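The values are calculated or read from the model by the stated rules, or taken from the named source; none is laboratory data. Fair warning: this is a prediction, and the values are worked out from it, not measured in the lab. The protein model used for the area step is the full one, side chains on, heavy atoms only, and it has no ligands, DNA or RNA in it. Shrake-Rupley method; radii C 1.70, N 1.55, O 1.52, S 1.80 Å.
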Amino acid sequence: MKRGILEVFLVDAHGITHTNFIGSPVYYVLLQCGTKEYRSKMSKGDNDNALWNQKFVFGFPMSQWEKLTHIKFRIMDKELFKDGGFVGETMIHLGGIVTEGRDRVYMETKPAPYNVVLDDDTFKGHLKIGLRFIATDKSQRKAWEVKMEAKNREEPISPILNLMKLPLLRFLLYCFRKTNKYQLKEN
């Protein structure tokens with residue numbers, strides 16, 4: 001049976017409303033897609049900014065993805081003695097990414113800012129979110145996950161190692177030009 005996996009990358013928020021009267025805000029996000037709901041980790045805000053850098057995975061059969069129209073993000077502010085100070089929400093429609101992902105088996109959007117809608121239907125701030133949709137059957141999905149895990153385990157390459165990866169020909173050409181330049185100046 002074909003399944004669809006939506007990976008959501010919750011990056012950060014900027015310019016959102018600070019609802020606490022005392023102290024610094026602590027934000028979290030409630031993500032809801034269909035019948036599944038997740039809660040992000042708490043993020044101490046810098047007044048109207050928050051950073052999460054967190055990934056969530058929603059998996060449904062393809063028949064359910066065709067019925068799902070959006071994913072909702074509700075930004076909440078932890079109050080002094082309780083959870084639940086509503087800050088704002090963002091809703092992303094999934095039609096395009098699901099259709100493209102189903103046709104191509106894979107679709108990704110880089111993290112981009114989405115407006116945060118307040119209670120009075122005005123906008124204040126934005127939430128940066130990236131999406132990845134993968135449509136596979138069980139065997140393809142397992143191979144995909146193994147490939148992605150291997151890719152994620154690779155350590156970042158330092159800038160010095162990147163320089164060392166320059167093709168030998170470019171390096172030799174650079175050295176050749178430098179020596180020719182000095183020879184022309186001497187003559």
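Close amide H pairs (under 5 Å, H built 1.01 Å from N) link Gly125 with Val116, residues at least 5 positions away or on another chain. Here the Karplus relation 6.51 cos²θ - 1.76 cosθ + 1.60, evaluated at θ = phi - 60°, turns the backbone of the stretch 88-105 into coupling constants of x, 9, 10, 10, 10, 7, 9, x, x, 5, 5, 5, 5, x, 5, 6, 9, 6 Hz, with x for every Gly and Pro.
Remark: accessible surface ordering of Thr69, Thr35, Thr136 (largest first) is Thr35, Thr69, Thr136, probe radius 1.4 Å.
Ligands, DNA and RNA left out, the accessible area of the stretch 4-140 computed with a 1.4 Å probe is 53% carbon and sulfur.
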